[in-house]
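**Q** The structure is given below, and queries will be raised subsequently.
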Amino acid sequence: MKIAIGADHAGVDLKDVICQHLQAQGHDVQDFGTRSHESTDYPDYARAVAEAVAAGQFDRGILICGTGQGMVMTANKVRGIRAAVCLETYSARMSREHNNANVLCLGGRVVGPGLALDIVDIWLRTEFSDSPRHQRRLDKIAEVEQAHRR
Ligand code: RB5
């Protein structure tokens, strides 16, 4: 799978752990930074990853900040992005099965590396449900997006 990944300074350590894990599994991972603990602005990384996923250059995106909240707020401003903060495995599975999330947001100050890797693995391998009611709801999300297009 082609995966875009990005983090701010609060997520950089977890990003590196996830990158190594995904590369060891054979995924094609592109790291959008940051690469140090120097203070940075999470919207810069969220925007770069979300735009690359929305453009079809990647199958999925992963974003990590301190809580995941700033990343999810920014990523969901990009048309076509369905980003989800998942801090446990049930939400990770359901965000794929019911919501067809294409960007996963994690909190580097909330989850440890062991749980984070379980979340990532479950999120990557779970398929979107083929039940029409879930697609109907996603279509309604897209209608909201369209109605608020500038
Ligand atoms: C940085 O201190 C922190 O605010 C950021 O990583 C993130 O948690 C914001 O949502």
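The values are calculated or read from the model by the stated rules, or taken from the named source; none is laboratory data. Everything numeric here is computed off the predicted structure, so don't read it as measured data. Reconstructed Cβ throughout: ideal geometry from the backbone, glycine too, with neighbour counts over all protein chains shown. These accessible areas exclude ligands, DNA and RNA; they are computed on the full protein's heavy atoms, side chains included. Shrake-Rupley method; radii C 1.70, N 1.55, O 1.52, S 1.80 Å.
**Q** Which of (1) open to solvent by less than 80 Å² (accessible area, probe 1.4 Å); (2) away from the ligand (no atom under 15 Å from the Cβ); (3) assigned to a loop (DSSP other than H, G, I, E, B) is the odd one out, the single condition residue 35 does not satisfy?
**A** So residue 35 meets the others, but not (1).
Every residue, every condition in (1) at pLDDT 95 or above; (2) of a type in the set (Gly, Ala, Ser); (3) away from the ligand (no atom under 12 Å from the Cβ), yes or no:
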| position | (1), (2), (3) |
| --- | --- |
| 5 | yes, no, yes |
| 11 | yes, yes, no |
| 17 | yes, no, yes |
| 27 | yes, no, yes |
| 48 | yes, yes, yes |
| 64 | yes, no, no |
| 69 | yes, no, no |
| 92 | yes, yes, yes |
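**Q** Would it be correct to say that residue 56 is modelled with pLDDT of 95 or more and open to solvent by 10 Å² or more (accessible area, probe 1.4 Å)? Don't jump to the end; show me each part of the working.
**A** Values: modelled with pLDDT of 95 or more: yes; open to solvent by 10 Å² or more (accessible area, probe 1.4 Å): yes.
So residue 56 passes the test.
**Q** What's the number of the only condition in (1) open to solvent by 50 Å² or more (accessible area, probe 1.4 Å); (2) of a type outside the set (D, E, K, R); (3) under 23 Å from residue 12 (Cβ atoms); (4) out of contact with any His (no Cβ under 8 Å at 6 or more places or on another chain) that residue 71 fails to meet?
**A** Of (1) open to solvent by 50 Å² or more (accessible area, probe 1.4 Å); (2) of a type outside the set (D, E, K, R); (3) under 23 Å from residue 12 (Cβ atoms); (4) out of contact with any His (no Cβ under 8 Å at 6 or more places or on another chain), only one is false for residue 71: (1).
**Q** Is it the case, given these coordinates, that residue 61 is in contact with a Lys or Arg (Cβ under 7 Å, 6 or more places away or on another chain), surrounded by 15 or more Cβ atoms within 10 Å (Cβ to Cβ) and farther than 19 Å from residue 145 by Cα? Write out each step before concluding.
**A** Numbers: in contact with a Lys or Arg (Cβ under 7 Å, 6 or more places away or on another chain): no; surrounded by 15 or more Cβ atoms within 10 Å (Cβ to Cβ): yes; farther than 19 Å from residue 145 by Cα: yes.
In short, no.
**Q** Of 103, 85, 110, which residue is closer than 16 Å to residue 43 by Cβ, at pLDDT 95 or above and open to solvent by 10 Å² or more (accessible area, probe 1.4 Å)?
**A** Values: 103 fails: open to solvent by 10 Å² or more (accessible area, probe 1.4 Å); 110 fails: closer than 16 Å to residue 43 by Cβ.
Just a single option satisfies the conditions, and that option is 85.
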